[in-house]
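Here is the structure we will look at, set down as structure tokens.
Taken together, the values in this text are just the output of simple stated rules run on the coordinates, not laboratory data. Everything numeric here is computed off the predicted structure, so don't read it as measured data. With ideal geometry, Cβ positions are generated from the backbone for all residues, glycine too; neighbour counts draw on all protein chains shown.
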Amino acid sequence: MRFVLRILPFTIGRLVIPGLMVWLNLPAQSGDSVLWKHKSTIHGDLPVPNAGNQQTASAVFDVDKDGVNDFVITERTQAPAVVWYRRGADGWTKYVIEDGVQYIEAGVDYFDIDSDGDLDFVAGGDWRENRIWWWENPYPDLKPDVPWKRREIKNSGQPKHHDCLFGDFDGDGQAEFVFWNQGGRHLYLAEIPEDPRATEPWNCVVIYSYSGDSEMQQRGTYPSFKSINEHEGLAKAFLLLAREFPDDHDGAGAWAGWLADHKGLQSLSLA
């Protein structure tokens, strides 16, 4: 069984639904048709993340190592700022990752940062916040009301970190962490420290800079994706699309393809 997340508020026809989160359950296909079953916090199908109305990001991965995907929701106006939903036989149970308020931007990722066999969670600050954090997954000691240990990857410089990604960008067989910093107009790469639990912040190196037009492009060119989807999504799938389909117009594919064509990400082996 698969599911799709939708973060609210959003509009259906003339109806505007504020401050909640919806997921859709996709049952097995029947012939050529697919039957969707709509589940929502509005109907009590699963608990509301918090009382805020700015859910900025979501991530889907197996938090508890049971072979079934769970999902994480962030919200930047109230506490708890980060929660995850555990799939059980009778539905979803909400667990707290961050019990305070954090100004989290749209753009998160997950990775086994401390190499203990479970997936940890990463999020960056919005226009008010110059930090990026990672939360240590406490598996197998997972308790609904006990938050995860939070540490800092970046705690200086300029704010806003829209999109981040783990991957082996330099071909050394080890994953690195890459993130945009829109306030500083830079793209950063950071090696995961040998002892990430004892290292704050990480060594973040600028690998690309851009001008102050709020996009990851130099002045003099108008990015073809700008009127389509802005710069939503630094993701492995989109980066691969840039290699295979440089003229793709789904937003990040066109953006990454442009950078690859112009060797703007040569340091990331995408040229």
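Tabulated values for the structure
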read-out	value
Cα-based shape type of segment 139-201, given that a ≥ b ≥ c are square roots of the gyration tensor eigenvalues and the cut on a/c is 1.5	oblate
Options S58, L142, I42, ranked by Cα towards positive dipole end of segment 36-185, top entry (Cβ charges)	I42
Extension gain from L142 to V60, taking 0.36 nm per residue of separation minus the Cα-Cα distance	27.8 nm
Summed side-chain charge close to A79 - residues other than A79 whose Cβ falls under 9 Å, Lys, Arg +1, Asp, Glu -1	-3
Point-to-point label distance, D45-W127, nm (Cα→Cβ direction, 7 Å offset)	3.4
Compactness relative to 2.2 N^0.38 Å, alpha carbon Rg of segment 78-194	1.11
Pair L35, E191: separation of 7 Å Cα→Cβ label points (nm)	5.5
Counted charge near D170, where neighbours are those whose Cβ lies closer than 14 Å (Asp, Glu -1; Lys, Arg +1)	-4
Charge dipole (debye, nearest 20) of segment 164-209; +1 at Cβ of Lys and Arg, -1 at Cβ of Asp and Glu	320
Net length gained if the chain between E200 and D172 were fully extended (0.36 nm per residue, minus Cα distance)	7.8 nm
Projected label distance in nm at V68 and Q158, using a 7 Å step from Cα toward the beta-carbon	4.5
